[in-house]
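Here is the structure we will look at.
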Amino acid sequence: MTHASNASMGQGESQVALGMNAESPASTPVLEAVNVGVDYGEFHALVAANLSVAPGEWVAVTGPSGSGKSTLLQLFAAVDQPTSGSVRFQGEDLANRRHLDRYRRIEVGNVFQLHNLLPHLDAKRNIEIAMFGTHQGRQARSDRATDLLSLLELTAQAGHKPPDMSGGERQRVAIARALANSPAVILADEPTGSLDPAGAANIIAVFDRLHRTEGATIVMVTHDREVASAADRVIQLEGGRII
Amino acid sequence: MQENARLPTPQMGPNGESGGLSFVGLIVHNLGTRRVRTALTALAVAIAVMAVVTLGVLTDSLKSSAAEVLSAGNADFTVAQKSVSDLLNSVVTDTQVTKIASTPGVASAVGVLVATIKLDPAHPLFLEIGITPESLSPFGVHVVAGSAYDATAPDEVMLGWQAADAFGKKVGSSIVMDGIRFRVVGIYSTGQVFADSASMMSLATLQARERKPATVTLTVVRVTKGASIERVRAAIEEANPNLATVRSATEYGRVDRNLQFLGAAQTGSQIIALVIGVIIVMNTMLLSFVERIREFGVLRAIGWSRSRLLGLVLGEAIGISFLGAGFGVGFAFVLTWGLERFSPLRGILQAQFTAGEVWTALYAAIAIGLLAALYPSARAAMLRPGASLRRE
């Protein structure tokens with residue numbers, strides 16, 4: 001896949017300040033999984049997994065279904081807690097964080113496999129609600145959402161609700177939502193899983209651009225080896241273990 | 001990275017709106033998106049509010065209507081038997097009336113006998129007032145047509161103008177009450193609906209018919225100029241331990257326990273209406289919560305705090321409450337309007353909607369909304385985002 005060539009970002013792309021929060025010193029990993037295990041009853045979703053993600057790095061996590069890819073990503077997103085081991089952000093154990101809401105809001109940007117946009121809100125509002133709880137006012141949130149929609153070539157779709165958009169458009173809105181608060185890391189769970197090859201290429205082109213020009217740190221889960229090959233590093237999971 | 005380069009600020013949003021989405025705007029939007037659910041939930045709140053407001057209005061109306069009997073005659077206060085179950089069962093003897101009249105400070109004391117009969121199915125509680133002709137004027141009765149009845153005439157009656165109007169009677173007509181034919185000799189007005197919807201006849205006639213010789217139901221007292229009403233009341237109560245004086249509608253319970261029971265029944269019924277409302281609305285909100293678990297999970301996953309999610313659900317509940325309050329007051333108004341015109345209650349109910357009723361509706365609706373939303377909103381706030389996102 002020629003990622004860069006597929007990137008068809010709008011003219012406004014270079015004018016938008018994404019301001020990714022890549023504040024972590026080069027020596028300190030942005031994200032770390034240290035001997036992480038996750039058990040669902042008798043089922044071991046993750047077993048003593050260790051992974052370190054450096055600032056500005058694009059890591060792809062691959063593996064067959066049920067291998068623990070999404071579980072690992074959800075630990076990084078702090079939407080789940082590990083049964084054992086620890087998950088660290090910029091060296092700090094997330095278990096010691098009092099306000100994981102803030103971590104989820106500011107430090108990481110989640111792109112879900114099924115976009116998880118709210119169907120009753122239009123594209124712009126779906127982005128704006130991610131900025132609730134920040135210090136940005138109404139107008140600033142609106143401006144930011146407009147900028148991000150422009151960056152992802154979705155200006156025309158700003159007033160469209162998810163059911164009225166294509167799969168690729170929905171996923172790009174989800175990426176825009178993930179970028180809303182200029183996170184340090186983008187966490188993408190099968191971002192191309194529900195898309196056709198052209199749509200998938202477009203999404204990967206977006207990530208490629210964010211990674212190259214904005215220095216975005218990306219952790220992307222995919223079962224597609226070709227998609228994974230766009231990343232700096234590919235991690236293989238199988239049976240809950242990193243191999 | 002070109003950190004300072006930003007696109008021009010749009011003046012209008014893509015939907016033609018200026019500015020962005022506010023938190024309150026999101027709440028309103030959510031309610032508008034789920035119109036049917038919002039309307040049905042608001043309807044449940046409205047029905048409970050309607051019950052609370054209607055019960056309050058009706059009870060207040062009954063109280064004030066009943067208390068009008070006591071305030072007849074431009075009296076300073078009224079004397080009746082203490083703590084009877086119903087004012088109509090009060091017995092004040094002629095001797096006591098005389099004793100009251102001789103109390104220092106009393107200018108006049110008029111004994112009045114009050115009874116009810118079933119005139120016809122539409123008027124099951126038609127009021128008869130027995131009073132001597134010479135006491136009519138002090139009692140505040142104005143004869144507007146014909147003349148007053150004779151003190152010794154057993155078949156003469158006067159009708160209040162509302163009663164005459166309702167029955168199509170005029171001076172010279174006859175009316176059968178309790179199997180006895182009376183001749184309408186006059187039409188009167190007192191300015192009070194209760195009395196103007198009743199009949200008046202000679203005290204002796206009514207005493208004979210009711211087999212209550214030498215007794216009246218209540219005594220209307222006026223004090224001499226400059227006398228202390230409270231001192232006169234105290235003197236009368238001290239001299240007549242089984243009697244109570246009543247000066248205002250709020251004191252009515254001293255002589256009529258029914259009204260106290262009515263007040264208690266009203267409070268109880270209102271609480272039951274509120275509880276039923278809370279249960280219905282909570283059920284609807286819990287169903288809504290289950291349907292929206294994934295939505296809440298997404299919001300938590302993108303960084304919404306528990307308190308913000310709590311605020312969203314409670315905010316939606318308050319929005320529904322406001323809608324329910326508005327509809328509830330409207331429903332209550334229509335219901336009481338209909339009841340006022342329901343023939344057995346005509347003349348008894350005089351529902352008055354005041355600002356107090358609107359506040360009651362608002363308080364009741366918000367109480368229902370918040371209590372009903374408390375559990376669902378707490379569950380929403382306590383959701384674990386990971387588990388919520390895995391939910392199909």
>> Quick query: amide H of A:GLY37 versus all other amide H atoms, modeled in the peptide plane; which residues come in under 5 Å with a sequence gap of 5 or more or a different chain?
In response: A:ALA48, A:ALA49, A:THR83, A:SER84, A:GLY85
> Which residues' amide hydrogens lie under 5 Å from the amide hydrogen of B:ALA145, considering only partners 5 or more residues apart or on another chain, with H built in the peptide plane?
Replying inline: B:ILE187
>> With a 1.4 Å probe and all protein chains kept in place, how much accessible area does A:HIS223 have, in Å² rounded to the nearest 10?
In response: 110 Å²
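Full extension from B:PHE353 to B:GLU238: what is 0.36 nm times the residue separation minus their Cα-Cα distance, to one decimal in nm? Write down the numbers at each step before the final one.
On the way: separation 115, 0.36 × 115 = 41.40 nm, distance 3.97 nm.
Result for the pair: 37.4 nm of gain on full extension.
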>> Just want the answer: with Cβ charges of +1 for Lys and Arg and -1 for Asp and Glu, which residue in A:ASN110, B:GLY226, B:SER64 is farthest toward the dipole's positive end in the protein assembly as shown?
In response: B:GLY226
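Using 1/(1 + (r/R0)^6) with R0 = 30 angstrom and r between the beta carbons of B:ILE293 and A:ALA95, what's the FRET efficiency to the nearest 0.05?
Rounded to the nearest 0.05, the efficiency is 0.75.
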>> Using DSSP to call loops (not H, G, I, E or B), can you name the GluC sites (Glu not before Pro) in segment A:42-103 whose Cβ has at most 14 other Cβ atoms within 10 angstrom?
In response: A:GLU42
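Among DSSP bridges having both ends in chain B, what percentage is antiparallel? Round to the nearest 5. Mind dumping the intermediate values first?
On the way: 32 of 41 bridges.
Taking every DSSP beta bridge within chain B, about 80 percent pair in antiparallel fashion.
To check you understand DSSP bridge types, tell me what percent of the beta bridges within the protein assembly as shown (both residues inside) are antiparallel, rounded to 5.
Working: 48 of 74 bridges.
Of the beta bridges lying entirely in the protein assembly as shown, close to 65 percent run antiparallel.
Using a 1.4 Å probe on protein heavy atoms only, how many Å² of accessible area do B and A hide from each other, summed over both chains and rounded to 100?
Working: alone 20020 and 10790 Å², together 27110 Å².
Rounded to the nearest hundred, the buried surface is 3700 Å².
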>> Starting from 0.36 nm per residue, how many nanometres of slack lie between A:ARG241 and A:ALA140 once their C-alpha separation is accounted for?
In response: 32.0 nm
>> If you fit an axis through the alpha-carbon atoms of helix B:35-71 and take the longest principal axis of the Cα set of chain B, what angle between them do you get, 0 to 90°, nearest 10?
In response: 20 degrees
> Where in segment B:143-236 are there trypsin sites (Lys or Arg not before Pro) that are in a DSSP coil and have at most 13 other Cβ atoms within 10 angstrom of their Cβ?
Replying inline: B:LYS170, B:ARG211, B:LYS225
>> How far apart, in nanometres, would the label points at A:HIS223 and B:TRP161 be if each is projected 7 angstrom from Cα along the Cα-to-Cβ direction?
In response: 8.9 nm
> What whole-number value in Å² describes the accessible area per residue of segment A:3-242 for a 1.4 Å probe?
Replying inline: 36 Å²
> By how many degrees, between 0 and 90 and to the nearest 10, does the Cα long axis of helix B:229-239 differ from the longest principal axis of chain B?
Replying inline: 60 degrees
> Which value, in Å², gives the accessible area per residue of segment B:77-246 when a 1.4 Å probe is used on the protein heavy atoms?
Replying inline: 43 Å²
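Output the antiparallel fraction of DSSP beta bridges having both residues in segment B:77-246, as a percent to the nearest 5. All intermediate terms of the calculation are to be shown ahead of the outcome.
Details: 32 of 40 bridges.
Percentage antiparallel, nearest 5: 80.
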> What angle, in degrees between 0 and 90 and rounded to the nearest 10, separates the Cα long axis of helix B:23-33 from the longest principal axis of the Cα atoms of chain B?
Replying inline: 80 degrees
> How large is ³J(HN,Hα), in whole Hz, for each residue of segment A:197-203 in order, when computed from phi with the Karplus curve 6.51 cos²θ - 1.76 cosθ + 1.60 and θ = phi - 60°, using x for Gly and Pro?
Replying inline: x, 5, x, 4, 4, 5, 5
>> Below 12 angstrom from the Cβ of A:TYR40, what's the summed charge of the other residues (Lys, Arg +1; Asp, Glu -1)?
In response: -2
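Where the only charges are on Cβ atoms (+1 Lys, Arg; -1 Asp, Glu), what is the dipole of chain B about its Cα centre, to the nearest 20 debye?
On the way: 33 positive and 28 negative charges, 310 e Å.
I would put it at about 1480 debye.
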> By how many nm would the segment from B:THR132 to B:PHE261 grow when fully extended, if each residue of separation counts as 0.36 nm and the alpha-carbon distance is taken off?
Replying inline: 43.1 nm
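If you average 1/r across every pair of different Cα atoms in segment A:3-242 and take the reciprocal, what Kirkwood value do you get, in Å?
Details: mean 1/r = 0.0560 Å⁻¹.
After inverting the mean inverse Cα-Cα distance, the result is 17.9 Å.
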> Non-local amide H neighbours of A:HIS44 (under 5 Å, H modeled in plane, Pro and chain starts lacking H): which ones?
Replying inline: none
> Simple spin-label model, 7 Å along Cα-to-Cβ: B:TYR363 to A:ASN50 in nm?
Replying inline: 6.7 nm
> List the chymotrypsin sites (Phe, Trp or Tyr not before Pro) in segment B:283-392 that DSSP assigns to loop (not H, G, I, E or B) and whose Cβ has at most 12 other Cβ atoms within 10 Å. Which are they?
Replying inline: B:PHE342
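The values are calculated or read from the model by the stated rules, or taken from the named source; none is laboratory data. Owing to the predicted nature of the structure, the values given are computational and were not obtained by experimental measurement. Virtual Cβ from ideal backbone geometry, glycine too; neighbours counted across all protein chains shown. SASA here: full protein model, heavy atoms, side chains in, ligands and nucleic acids out. Shrake-Rupley method; radii C 1.70, N 1.55, O 1.52, S 1.80 Å.
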